[in-house]
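What follows is a short report on a single structure.
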Amino acid sequence: MFPVLVGPLQTLLALLPAILLGVGSMLFAAFKPAGFVKLVRFCWRQKLLLGCAAVVMACWHYGVPGRSLFGRHPATSVADAGARTEWDAFRGGARRLGRGPGASDPTAGTPVWRNDRDRTVLSSPALTGDRVIFATATDIGPFSPEGRGAIVCVDAHSGKEIWRYAPDNYRATFSSPVVHENCVVCGEGLHQVDDARVTCLDLSSGAKKWEFRTKSHVESTAAIADGHVFLGAGDDGFYCLSLEPTADGQPQVVWHLNGEEFRDCESSPIVSEGVVYFGLGDGGFAVCAVEAKTGTLLWRVKTPYPVFAPPTLAKGKLYIATGNGNFVQSAADLIEMKLQMLKDDGASEQQLAAARERLKPVGEVWCIDLATHAVDWKFETGDAILGAVVCGDDSLYFGSRDGHLYRVSPEGQLIHKFDLREPIVASPALGLKHVYCATASGRLFCLEASVLKPAWDASLGGGETFASSPAIAHGHVYIGTAQQGLRCLGQPGTPEPPLWTHGDRGGGADDDRVPVSVAVLWQFPSEGDTPLIVTAPLMPLDEALYVAGTRSGLHEFLKLDVAPAVGQERRQVWSRRFAGPLTVPPVGSGRRLCVVEGASSTANQPRLHCLSADDGQTFWSDSLTGLPSGMTIDSRRIFVWGSATRLRCLDLESGSVLWDTDEAAVSSAERRDYSSPVA
């Protein structure tokens, strides 16, 4: 049984027989001589109406950007595409910044648009002028493991499609497009494809310029330099192709490194000063440098783990990332499978023990001096690093499957790290003052680059496979998703301050998941210290934890640092003592905290205190007629339930009453003290 159709489609199907009958009758009558004469006379009488309709159809077809009555999108000339920028390698260039045109970072996580005609986008978008170009990967399943794909160009500001390259046999694609002058180059296929193509398209129209078929998969993203295209083709080795085709439109192979000697060419290469740098994955375990003109091997540095990440180049140094695992499987997922394969091949116990050590979850970043080919330093992480190392002006940024985003000095020293609590397989993007990073389960984070302090984060929707790396331009973030196609998020501007409203969803403003681990990271007070009896719900806010409780019979409100600087222990930042108990859940906004002192059973009136998050000092305090049943807060106001029938709204800055449901209670006699400290 087929599902019942509803809405306009159902109505159309119901009326379709009558419509067809009417049209058929009209055509039958029109082809009779008398009927044809009547039809001509009718059209002449309605010439004004029909003329207007023709003009509207022509304007719709030719004049509306990105629209066509017949489903064709007119090509936009390169001159009309805004200020052009080259995106001639993965993440835009040798430093792997992932940054396009635009002078402002997106500092507020506002959704802007999404292009979800193709639900799944594994590739990372390329940015050039006012255009975003990406590859798609849809309809992947057990009966269609190769899926379907397309290369799509959309307007960066609206998300409207400009052109689409999607021949019937084009397969789901992981490789990301690159742009040079008027050419777009992209690989094809996922890992199981054994005859993937490399396609070159015209940037203006999306028309195919040439196509080259390899003997393996092409998950590598190309690099374009000096009129040549360089990219890996998996087990088919490494290729250098001419960017321009032959006179009859055929691709030209300049040189080819075979897959026997250069195994598993998966990483995305980079070209500089006549040298091509690329990594080798499973079985290759190396980073290579070859001459761009001839493909002659200049040097090869062996690594203990596969190199899937793209090499990064800056100031005479080459940064490579390695580790066990891939984009969909962690080292823990792979180890048992690979050990079983070794057992089937008759490996000894000694060989299996060595394999367990080599296959463990681990990741490393290496810094190689290009003058000497020596490894200057190594930085180890808890799991594989699959995305590119991003090279800023004074720091390196990269994510790991261990869930952390790292900031490291050019000398290999850890400066900061931030726990995103989920594996990271994509590359970060570095703005002017912010860094953007997506987790493998679909969460996009914006953090201040200097301290890795979160500014905002946003969900990228449902699904399981999030491999696309964010790219920033025009004050927005562009990123592919598992089920919502290509999304554009973020706007320049001041982000809203973090809130803890103690609402019905646990105080947070979003639907963040709880941590998957229940391991004890730290405790307060430490073993042997005076115990603290907590008297109100905890309040996490802006990398700190605020606690109301009693210790040694004294009432305290404390600020605890949950993410101290590297090398420091977690500690108490400050503590405030109060004469009365603190039992009402506290609230906070930005740098201000609000707590209530007192109990309903005491003779003294309860008081509302507004404190500084920096040092716990009092901004203002206010007497209350009774113990409030609860509070909530926004960036400017605090709302206090004084009783079942009384709700008060106070200005967060000054403490003045903005309104009160009990109007009689608002009078000049109402006591208020904005400055005196509390004992």
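Some observations on this one:
- Qualifying GluC sites (Glu not before Pro) in region 128-213, DSSP loop, other Cβ atoms within 10 Å at most 16: E181
- Normalised alpha carbon radius of gyration of region 89-185 [divisor 2.2 N^0.38 Å]: 1.14
- Region 413-481, accessible surface, carbon-and-sulfur percent (1.4 angstrom probe): 48
- Shape descriptor for region 324-372: Rg over Rh equals 1.15 (Cα atoms; Rh from the Kirkwood inverse mean 1/r).
- Full-extension gain in nm, E244 to T645, via 0.36 nm per residue minus C-alpha separation: 136.6 nm
- Rolling a 1.4 Å probe over the protein heavy atoms gives region 82-208 an accessible area of 35 Å² per residue.
- Rounded D (µm²/s) - region 434-494, Kirkwood Rh over Cα pairs, Stokes-Einstein at 37 °C, 0.692 mPa s: 279
- Pairwise inverse Cα distances across region 310-450, averaged and inverted, put the Kirkwood hydrodynamic radius at 16.0 Å.
- Within the accessible area of region 309-358 (1.4 Å probe), percent carbon and sulfur: 53
- Percent carbon-and-sulfur accessible area, region 155-214, ignoring ligands, DNA and RNA, probe 1.4 Å: 47
- For K160, the aspartates and glutamates whose Cα falls under 17 Å of its own Cα, not counting residues fewer than eight places away in the same chain, are D80, D116, D118, D130.
- Counting only Cβ charges, +1 for Lys and Arg and -1 for Asp and Glu, the dipole size of region 305-392 around its Cα centre is about 240 debye.
- Where N is the number of residues in region 188-246, Cα Rg divided by 2.2 N^0.38 Å: 1.10
- Value in Å of the Kirkwood radius, where region 245-298 supplies the Cα pairs that are averaged: 12.3
- Whole-number accessible area per residue in Å² for region 241-389, which is evaluated in the context of all protein chains at 1.4 Å: 44
- Cα-based reach from K417 at 30 Å (exclusive), listing lysines while leaving out same-chain residues under 8 positions away: K302, K315, K317, K360, K378, K433, K453, K559
- When Rg and Dmax are taken over the Cα atoms of region 223-328, they come to 13.7, 46 Å.
- Scattering profile of region 343-408 at q = 0.27 Å⁻¹ [log10 I(q)/I(0), Debye over alpha-carbon scatterers]: -1.14
- Annotation for region 300-330: trypsin sites (Lys or Arg not before Pro) lying in DSSP loop with at most 13 further Cβ atoms inside 10 Å of their Cβ are K315.
- Cα-only Debye scattering, region 127-267: base-10 log of I(q)/I(0) at q = 0.20 Å⁻¹: -1.20
- Applying both filters, DSSP loop and at most 15 other Cβ atoms within 10 Å, to the GluC sites (Glu not before Pro) of region 259-296 gives E260, E261, E273.
- For region 537-553 versus region 320-374, the gap between their alpha-carbon centres in whole angstrom: 44
- Farthest toward positive dipole pole in region 527-654 [+1 Lys/Arg, -1 Asp/Glu at C-beta], among L650, V595, C610: L650
The values are calculated or read from the model by the stated rules, or taken from the named source; none is laboratory data. Just so you know, these numbers come straight off a predicted model, no measurement behind them. Backbone-built Cβ (ideal geometry, glycine too); neighbour counts: all protein chains shown. Heads up: the accessible areas ignore ligands, DNA and RNA and are worked out on the full protein's heavy atoms, side chains in. Shrake-Rupley method; radii C 1.70, N 1.55, O 1.52, S 1.80 Å.
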